[in-house]
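What follows is one structure encoded as structure tokens, with my remarks underneath.
The values are calculated or read from the model by the stated rules, or taken from the named source; none is laboratory data. Just so you know, these numbers come straight off a predicted model, no measurement behind them. Cβ: placed from backbone, ideal geometry, glycine included. Neighbour counts: every protein chain shown.
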Amino acid sequence: MSNRFYRDKSKGMVGGVCAGLSEYFGVSPTLLRVIFVLWALSGSGVGAYIILWVILPDKAALGIAHNTAVQQNVREIGSEARSLGRELRDLFGGGSGTIPSQRLMWLGGFIILLGLALLADSLHLLGWFRLDQLWPVVLILAGVVLLNRALRR
């Protein structure tokens, strides 16, 4: 257990926020990750995570000034965002700048189905369909993207 708030990138999955907070509170980082994911689904968890990522120093940088730590954290977030953008570009377009037609058709079909589902929900055309059932589909798709990313490495 620690007596300071910090991030721990060495044990973290995204920015190390949950790993660092888990050491402070003496709980499992997995528990905090689940809490942040559920909080993100409610709408404000992503913003809170990014704010904590910006203001909490990395465990390796605890001795530096707060302003310097914040600047480093912002640069790190930018680097991670660019890396994720490159990976998504490679996933959908192979880095060539154009999306292959088959992938474009899948994406277009998914967007149309999503739009139809949202329209049906708002018009109450499908009694069995509820918008809150859409989140598991989003989580499944995110899992597929992450698995694809891990298997490509």
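Scanning segment 108-134 for residues that are surrounded by 10 or more Cβ atoms within 10 Å (Cβ to Cβ) and either part of a loop (DSSP other than H, G, I, E, B) or at pLDDT below 70 (or both) yields 125, 126, 129, 131, 133, 134.
Conditions tested, residue by residue: (1) under 23 Å from residue 70 (Cα atoms); (2) in contact with a helix residue (DSSP H, G or I) (Cβ under 9 Å, 6 or more places away or on another chain); (3) among the small types (Gly, Ala, Ser).
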position: 6; (1), (2), (3): yes, yes, no
position: 10; (1), (2), (3): yes, yes, yes
position: 13; (1), (2), (3): yes, yes, no
position: 17; (1), (2), (3): yes, yes, no
position: 21; (1), (2), (3): yes, yes, no
position: 41; (1), (2), (3): no, yes, no
position: 48; (1), (2), (3): yes, yes, yes
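Among the residues of segment 10-58, just one is in contact with a Phe, Trp or Tyr (Cβ under 9 Å, 6 or more places away or on another chain), among the aromatic types (Phe, Trp, Tyr) and touching a residue at least 24 places away in the same chain (Cβ under 8 Å), namely 49.
In the set (1) modelled with pLDDT under 75; (2) exposed (fewer than 12 other Cβ atoms within 10 Å of the Cβ); (3) under 30 Å from residue 24 (Cα atoms), the condition left unmet by residue 61 is number (2).
Here residue 73 does not qualify as loosely packed, with under 10 Cβ neighbours inside 10 Å, under 25 Å from residue 13 (Cα atoms) and modelled with pLDDT of 80 or more.
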